[in-house]
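**Q** Have a look at this one before I ask anything.
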Amino acid sequence: MIFCSLYSGSSGNSIFISSKETKILVDAGLTGKSIISALENIGERPEELQGILITHEHSDHIKGAGILSRKYNLPIYANEKTWVAMERSLGKIKPEHIKLIDKEFVVGDLEVSSFRVPHDAVACRGYTISHGGKKISVATDMGVFTEEIRRNIIDSDLVL
């Protein structure tokens, strides 16, 4: 698996994760143009992305998600409460690209589990992404480190 934090901070967040077969973003909190440029700078092609996982509805996590979805026909994965909170900010998204997630789901050949992260958002989530015996965990903007977070990130090969 490949992991690259494209952007991290109050100005915007976006993480690239891939296996040989599947390429995703976790969050898209800068302009579409900025994220496209960052992907190209690491030798990745944005048209090869297969989805965007959203942690929560704050603009520094979703700013470019709508434009990337429209430009590259990408599904956006989020829990229902987050989707409702961010829907207006994304602009028009094709119905087939609205992916309401539960605790566990699959994107291509990546197995994804989501877990609660305490933050001042409606339903902030962290993710563990697994493939080929490797596990990457993303838990950002947490107010406190909880037992649920610990249980989900334990045995990860990489944690952000």
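The values are calculated or read from the model by the stated rules, or taken from the named source; none is laboratory data. Please read these numbers as outputs of a predicted model, since none were measured by experiment. Every residue, glycine among them, receives a Cβ derived from its backbone with ideal geometry; neighbour counts consider all protein chains shown. The accessibility values were calculated without ligands, DNA or RNA, using every heavy atom of the protein model including side chains. Shrake-Rupley method; radii C 1.70, N 1.55, O 1.52, S 1.80 Å.
**Q** Calculate how many DSSP beta bridges within the chain are antiparallel, expressed in % of all such bridges and rounded to the nearest 5. Intermediate values should be presented prior to the final figure.
**A** Numbers: 24 of 33 bridges.
Around 75 percent of the beta bridges assigned by DSSP in the chain are antiparallel ones.
**Q** Where the centroid of each part is defined by its Cα atoms, how far is the range 102-141 from the range 33-81 in Å?
**A** 16
**Q** OK, next. Over the chain, what percent of the accessible surface lies on carbon and sulfur atoms, probe 1.4 Å? Intermediate results must be reported in sequence, preceding the final value.
**A** Values: 3840 of 7880 Å².
Looking at the chain in its full context, I get 49 percent from C and S.
**Q** Right, next: Could you do me a favour and compute the accessible area per residue for the chain, 1.4 Å probe, result in Å²?
**A** Accessible area per residue: 49 Å².
**Q** Once the Cβ-Cβ distance between Asp109 and Glu148 is put in as r, and R0 is 35 Å, what FRET efficiency do you end up with, to the nearest 0.05? Write out the running numbers ahead of the final one.
**A** On the way: r = 26 Å, r/R0 = 0.74.
The formula returns an efficiency of 0.85 here.
**Q** Past the 22 angstrom mark, what percentage of all C-alpha to C-alpha distances in the range 1-128 do you count?
**A** Numbers: 2130 of 8128 pairs.
Within the range 1-128, distances greater than 22 Å cover 26 percent of Cα pairs.
**Q** In terms of the Cα gyration tensor, with a ≥ b ≥ c the square roots of its eigenvalues, is the range 88-160 rounded because a/c is under 1.5, prolate because a/b exceeds b/c, or oblate?
**A** The shape class here is oblate.
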